[in-house]
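Any read-out appearing in this document is the output of simple, stated calculations on the displayed coordinates, not a laboratory observation. In this text, all values refer to a predicted model and were calculated from it rather than measured experimentally. Neighbour counts run over all protein chains shown; Cβ positions are idealised from the backbone, glycine included.
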Amino acid sequence: KLRDPDQPEFHQAAEEVLSSLWPFLEDNPKYLNNGIIERMLEPERVIMFRVPWVDDHGQVHVNRGFRVQMSSAIGPYKGGLRFHPSVNLGVLKFLAFEQVFKNALTSLPMGGGKGGSDFDPKGKSNAEVMRFCQSFMTELARHIGEDLDIPAGDIGVGAREIGFMYGQYKRLRNEFTSVLTGKGLSYGGSLVRPEATGFGCVYFAEQMLRQQGRGFSGQRVCISGSGNVAQFAALKVMELGGRVMSVSDSGGTLHFPDGMTEHQWQALMNLKNERRGRLEEFASEEGVEYLAGHRPWHLPCDIALPCATQNELNGDDARTLVANGCHCVAEGANMPSTLEAVDVFIEQRILFAPGKAANAGGVAVSGLEMSQNAMRLHWSAGEVDERLHSIMQSIHAACERYGKEEDGYINYVKGANIAGFVKVADAMLAQGVV
Ligand code: NDP
């Protein structure tokens with residue numbers, strides 16, 4: 001019987017994991033017949049609440065807030081908050097489910113959760129965003145804590161929103177604790193947290209390419225999205241000698257026929273983070289082509305890094321990428337490729353890393369932020385970056401261990417799913433039926 005048929009994203013994520021796990025489960029029957037799978041598919045707890053707030057004209061709005069506490073088998077719930085009009089329970093359950101496996105892969109003691117709201121920060125004033133965040137946290141504060149559930153950012157939740165929510169939490173609870181990660185540097189944040197997901201994704205892709213004696217140097221790299229993950233993936237690609245051919249937003253794609261320059265990257269940071277503008281504002285710049293309404297996947301490239309959102313790359317896009325010579329895809333976003341697209345990449349023996357492996361660098365450095373807060377000290381950027389690098393290498397090694405197929409191809413989807421599953425399932429077996 002199909003439960004929750006109105007949650008297609010959650011079903012998609014579950015299908016991807018279960019279909020790649022199945023042969024492993026048949027070979028390891030200790031994981032069957034004890035409800036492990038059924039329990040993994042059911043959140044430990046879902047909190048859903050009203051978020052009333054007042055706009056700058058005195059008008060009252062009501063949004064819906066959520067926190068999905070999926071699994072605490074190996075540590076406190078951990079995962080981001082997303083503010084986007086498309087947020088609903090099914091989307092957050094898919095993200096929380098993925099998060100459980102991802103957090104296990106980092107080898108840090110973190111369970112999985114995800115939350116957010118259908119609030120749209122676009123076009124809102126700072127004061128409106130602050131009032132929304134305060135109202136959201138007023139309810140969420142009852143359900144989180146530094147040893148219970150530690151949210152972070154995601155789409156629509158960056159440094160500004162984390163700051164507003166942290167301020168409200170502190171005021172309500174009268175304590176200064178590590179209850180959120182992605183905090184500003186002046187109040188407990190970690191160096192390299194803003195860069196971590198994008199950098200980590202490129203470090204992971206570097207490991208994949210190394211298997212084939214390749215690297216980023218001279219490679220054409222198509223990136224989608226232009227938010228936190230895309231920005232720092234682009235920077236690291238350029239640092240490693242690759243050519244960034246594109247970034248995008250929901251309005252269209254910016255194409256850099258000669259590769260993005262450092263100057264253009266700075267302008268992008270300013271546009272997206274300071275002015276909160278749209279990519280079409282770049283349209284008249286020299287050396288840039290704006291493709292309104294287009295995603296980047298038809299542009300010829302060697303490597304693709306989808307860094308925007310779920311289901312932004314479908315089967316046709318995958319076939320076009322492969323036909324144009326793309327040989328490596330690493331997901332900076334969560335589930336950007338549809339099931340059909342993933343099948344195309346694996347059938348064609350293209351290097352393909354799913355988000356739960358390739359974008360785990362963000363939550364890994366969030367884990368390091370919690371450690372620094374607990375120790376009341378601050379590591380240097382070099383130290384955090386080194387740890388990030390080594391965590392991405394160890395995730396790659398875990399994928400290789402469980403994902404290598406008879407012909408030598410590393411099936412990273414299978415590898416990541418089995419490696420994450422084994423850690424969580426063993427903890428569940430040890431803790432009894434709870
Ligand atoms: P941001 O909000 O900073 O940026 C999101 C980007 O994706 C924007 O360019 C946005 O364009 C685009 N986008 C969002 N929704 C859509 C849509 N429906 N259609 C087309 N484009 C869209 O988010 P992040 O960079 O933080 O997150 C991007 C992805 O990475 C998400 O899947 C997130 O879950 C994942 N991720 C993020 C981590 C992090 O540390 N931040 C960690 C691990 C994964 P526009 O502005 O036009 O909406």
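Taking a Cβ cut-off of under 12 Å around GLY367, the surrounding Lys, Arg, Asp and Glu residues balance to a net charge of +3, with basic ones at +1 and acidic ones at -1.
Using the scaling law 2.2 N^0.38 Å as the reference, what is the normalised Cα Rg of region 292-366?
Numbers: Rg = 11.9 Å, N = 75, 2.2 N^0.38 = 11.3 Å.
Ratio of Rg to 2.2 N^0.38 Å for region 292-366: 1.05.
Sorted on the mean count of surrounding Cβ atoms within 10 Å across their residues, most packed first, peptides 57-69, 352-364 read 352-364, 57-69.
For region 286-303, backbone phi angles converted through the Karplus equation (6.51, -1.76, 1.60; θ = phi - 60°) give residue-by-residue couplings of 6, x, 9, 10, 9, 10, 4, x, 9, 8, x, 6, 8, 7, x, 7, 9, 9 Hz, Gly and Pro being listed as x. Note: relative contact order over region 1-149, using C-alpha pairs below 8 Å and six or more positions apart, is 26 percent. Enclosing the Cα atoms of region 42-90 in their convex hull gives a volume equal to 90 cubic angstrom per residue. Taking θ as phi - 60° and the Karplus parameters 6.51, -1.76 and 1.60, the scalar couplings of region 193-202 work out to 5, x, 7, 4, 5, x, 4, x, 5, 6 Hz in sequence order, x denoting glycine and proline.
If you wrap region 344-434 in the convex hull of its Cα atoms and look at it from every side, the mean projected area works out to 8.2 nm². Note on the chain: Rg/Rh from C-alpha atoms, Kirkwood Rh, equals 0.95. Annotation note: GluC sites (Glu not before Pro) in region 143-196 located in DSSP loop regions with a Cβ neighbour count of at most 12 within 10 Å are GLU175.
Looking at the chain, the DSSP beta bridges with both ends there are about 55 percent antiparallel. Cross-link pairs exceeding 21 Å in C-alpha to C-alpha distance, out of LYS78/LYS124; LYS236/LYS423; LYS30/LYS93; LYS102/LYS414, comprise LYS78/LYS124; LYS236/LYS423; LYS30/LYS93.
Could you give the distance between the Cα centres of region 126-195 and region 338-373, to the whole Å? About 24 Å separates the Cα centre of region 126-195 from the one of region 338-373. The mean of 1/r over all pairs of different alpha-carbon atoms in region 1-83, once inverted, gives a Kirkwood hydrodynamic radius of 16.0 Å.
Restriction of the trypsin sites (Lys or Arg not before Pro) in region 245-304 to DSSP coil positions whose beta-carbon has at most 15 other beta-carbons within 10 angstrom yields ARG275, ARG276. Once the mean of 1/r is taken over each pair of separate Cα atoms and inverted, region 177-323 shows a Kirkwood hydrodynamic radius of 15.9 Å. Near the amide H of LYS404, within less than 5 Å, lie the amide hydrogens of ASN411, all on another chain or at least 5 residues away, with H placed in the peptide plane. A straight chain from THR261 to GLU383 at 0.36 nm per residue would run longer than the Cα-Cα distance by 41.2 nm. Remark: the LEU2-SER186 segment gains 61.4 nm on full extension, using 0.36 nm per residue and subtracting the alpha carbon distance. When the convex hull of its Cα atoms is viewed from all sides, region 70-226 shows a mean projected area of 11.0 nm². Out of every Cα-Cα pair that region 277-402 contains, those further apart than 17 angstrom amount to 66 percent. Across region 313-388, the mean sequence separation of Cα contacts (distance under 8 Å, 6 or more residues apart), normalised by length, yields a relative contact order of 29 percent. Within region 41-152, antiparallel bridges make up roughly 70 percent of the DSSP beta bridges whose residues both belong there.
Hey, if you drop one equal point scatterer on each alpha-carbon of region 98-144 and run the Debye formula without solvent, what base-10 log of I(q)/I(0) do you get at q = 0.22, 0.28, 0.30, 0.31 Å⁻¹? Evaluating at q = 0.22, 0.28, 0.30, 0.31 Å⁻¹ gives log10 I(q)/I(0) of -0.81, -0.96, -1.04, -1.08. In terms of packing, defined here as the mean over residues of other Cβ atoms within 10 angstrom, the peptides 324-336, 257-269 line up highest first as 324-336, 257-269. Normalised by residue number, the volume inside the convex hull of the Cα atoms of region 1-157 is 123 Å³ per residue. Tell me the relative contact order for the chain as a rounded percent, counting alpha carbon contacts under 8 Å between residues six or more apart. Here the relative contact order equals 16 percent.
Ordered from longest to shortest, the equivalent ellipsoid semi-axes for region 237-340 are 23, 15, 13 Å, each the square root of 5 times a Cα gyration tensor eigenvalue. Each principal axis of the Cα cloud of region 71-127 was taken in turn, and the coordinate range along them, longest first, works out to 39, 23, 14 Å.
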